[in-house]
Amino acid sequence: MAFERVKGNLACDGVSLAELAERHGTPLYVYSGETLLANIRRLHGGFRDLNPLIAFSIKANSNLAIIRLAVREGCGLDIVSVGELQRALRVGVDPGKIIFAGVGKTDDEISQAIQAGIGMFNVESTGEIAMIDSAAKRLGRRTGIALRVNPNVKADTHKYITTGTTENKFGIDFALIDSAIEAVKAAEAVDLVGLHCHIGSQILDANPYRLAAERLGEVVDRLREQGLDITHINFGGGHGIAYEEGQTALDPAQVAEAIQPTVKRLGIQPILEPGRSLAGPAGVFLTCVINVKRGVAKTFVIVDGAMNDLLRPSLYSAHHRVTPVSDVARGNTRTEVDIVGPVCESGDFLAKDRLLPLPEAGDLLAVLDAGAYGMVMASNYNSRPRAAEILVLDGEAHVVRRRETMDDLLTLESIPHTLR
Ligand SMILES: *Cc1c(COP(=O)(O)O)cnc(C)c1O
């Protein structure tokens, strides 16, 4: 499986990470095709009695090779922008399996998606229904929508990245559903095909899904009383993974069990939009030690990867396990270190207060579970070209995005002629 040690050296699907770093340089993202496929299959397996549509949420990892692999495995794609629409179409997904979510879709984005023939829009407000309707009429087409309901499920036993309560910008509040239903009835070119909810991210307990399903079930009953039949409920993504030692990933079978009573009672098809749980564990971020700096209070391991490459630690204080690529070189004595990048920000760190065999300059470290919300959030801050991405498929490593060069960065800029 996946990322395993071969004689003490970490490998990705049997390919040595040290060799990949040698060949392609660092910092470097490396993805395990086997792990991505295993995660998709495990999700299918957990939900097999419910015949779900699995729409990979490509904002987690939108590399063409990754999304092509998911599509080849039968996935649809969940998108949040017209840029992601272009990526989805580029990998040959059946447009009917594209779901367009997002709180601020523009007229232009809506029109392009209708023209592409996407499966449905997840609608976030009453106003958006009218926008989609007029775009569809203008184009002489019909389109499907699902109402994104805010089920006001508060997941308060864990620190979720919550999106399903009345205090945030996403979805239509439970109390305002009736006005959305009126807007649907008034629309001429949209078909209400489903309901949608996405209650948060990195959720490690299935119970919030049960509560959300029950809530949405009540809305379906209300719709059916009014003669509006829907065929789908989209339960969003959010399945948590084991970022930290001792955590257990949320088992898809438990989520299936939680929503099953509602799904069976209503006779609808569930849709799932996972991002992190499919792609996260399938990627590592490789970085090379530049220097080890001993301060008075702390020891800093300064590496060539930084917040511009992997933002999650800086942005959310997210925890990623970090491990030496070779566990034979430096013995067993562990030292507490902060692993920091070269960017000129105190907030630029990959990990804090970790016990590691003290590395030396030139050693490689692997930041684990970096396959989701890693490269997609990378920037060029400090004029740092973005890292390359490697996908290992059937034991063979492919460069699926080459490393940026300074020419790539500079080609978009120009100096006004009056300054020359
Ligand atoms: C981000 C997002 C997802 C994917 O979330 P994960 O936590 O990565 O599974 C799914 N649906 C919507 C609407 C999202 O915004």
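Tell me the residue from 263, 343 that is of a type in the set (A, V, I, L, M, F, W, C), touching a residue at least 12 places away in the same chain (Cβ under 8 Å) and closer than 23 Å to residue 364 by Cα, please.
Step by step, each of 263, 343 is checked, and only 343 is of a type in the set (A, V, I, L, M, F, W, C), touching a residue at least 12 places away in the same chain (Cβ under 8 Å) and closer than 23 Å to residue 364 by Cα.
Each row is one residue, and each column tells you yes or no for (1) at positive phi; (2) of a type in the set (Val, Ile, Thr); (3) not assigned by TED's automatic domain parsing to the domain that holds residue 397.
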| site | (1), (2), (3) |
| --- | --- |
| 241 | no, yes, yes |
| 290 | no, yes, no |
| 310 | no, no, no |
| 318 | no, no, no |
| 322 | no, yes, no |
| 333 | no, yes, no |
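Pairs under 9 Å by beta carbon, first residue touching a residue at least 40 places away in the same chain (Cβ under 8 Å) and within 18 Å of residue 177 (Cβ to Cβ) in region 115-134, partner among the acidic types (Asp, Glu) and in a strand (DSSP E or B), six or more apart or different chains?
120/191; 122/78
Those residues that are in a helix (DSSP H, G or I) and crowded, with 24+ Cβ neighbours inside 10 Å, I need them from region 27-38; list them, please.
Result: 36, single match.
Considering only region 13-37, state which residues are in contact with a helix residue (DSSP H, G or I) (Cβ under 8 Å, 6 or more places away or on another chain) and closer than 14 Å to residue 388 by Cβ.
Within region 13-37, 28, 29, 30, 31 qualify.
Anything in region 184-202 that is farther than 13 Å from residue 235 by Cα and either outside the structural domain of residue 253 (by TED's automatic domain parsing) or within 13 Å of the ligand (Cβ to nearest atom) (or both)? List them, or say none.
202
May I ask you to verify whether residue 162 is crowded, with 18+ Cβ neighbours inside 10 Å and at pLDDT below 90?
Taking the combined requirement at face value, the residue satisfies it.
Somewhere in region 387-401, is a residue within 16 Å of the ligand (Cβ to nearest atom) and either under 18 Å from residue 9 (Cα atoms) or not acidic (Asp, Glu) (or both)?
no
Within region 244-290, how many residues are β-branched (Val, Ile, Thr), away from the ligand (no atom under 15 Å from the Cβ), under 30 Å from residue 313 (Cα atoms) and not in a strand (DSSP E or B)?
Here the count works out to 1.
The values are calculated or read from the model by the stated rules, or taken from the named source; none is laboratory data. As the structure is a prediction and not an experimental result, all values here were calculated from the model. Don't worry about glycine lacking a Cβ; one is built from the backbone with ideal geometry, like all the others, and counts go over all protein chains shown.
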